[in-house]
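Before any comments, here is the structure.
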Amino acid sequence: MSPDRLIYLFDPLCGWCYGASPGLERLSATGIAIELVPTGLFSGPGGREMDAEFARYAWSNDQRIAQMT
């Protein structure tokens, strides 16, 4: 038995999550419905505040991830 739906919890600011996009597209092409549920460091009560310093840090990580993948 194969699933007909995947619930994908992802962080919109996570470079690795974007790196998973080709795999999600392949799954979707097989007929599996993908429900996107954004979450992460910046969601909900207690979420981290986005400031310029963290934005620079996140961007540098995204650039490194892009080079690796």
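A few comments on the model shown:
- Scanning the range 17-69 for residues that are among the aromatic types (Phe, Trp, Tyr) and within 24 Å of residue 7 (Cα to Cα) gives 18, 42.
- All positions within the range 7-38 that are in a strand (DSSP E or B), of a type in the set (A, V, I, L, M) and open to solvent by less than 60 Å² (accessible area, probe 1.4 Å): 33, 34, 37
- Odd one out for residue 43 among (1) outside any loop (DSSP other than H, G, I, E, B); (2) open to solvent by less than 70 Å² (accessible area, probe 1.4 Å); (3) modelled with pLDDT under 90: (1)
- Filter pass, residue 35 being among the charged types (D, E, K, R) and modelled with pLDDT of 90 or more: yes
- Qualifying residues in the range 46-55 (those that are at pLDDT below 90 and of a type in the set (Asp, Glu)) - the one least open to solvent (accessible area, probe 1.4 Å): 51
- Tally of residues being aliphatic (A, V, I, L, M) and either over 16 Å from residue 14 (Cβ atoms) or open to solvent by 40 Å² or more (accessible area, probe 1.4 Å) (or both) across the range 56-69: 2
The values are calculated or read from the model by the stated rules, or taken from the named source; none is laboratory data. Here the structure is a predicted model, which is why all the values come from computation and not from measurement. Backbone-built Cβ (ideal geometry, glycine too); neighbour counts: all protein chains shown. Surface areas here come from the heavy atoms of the whole protein model, side chains and all, with no ligands, DNA or RNA. Shrake-Rupley method; radii C 1.70, N 1.55, O 1.52, S 1.80 Å.
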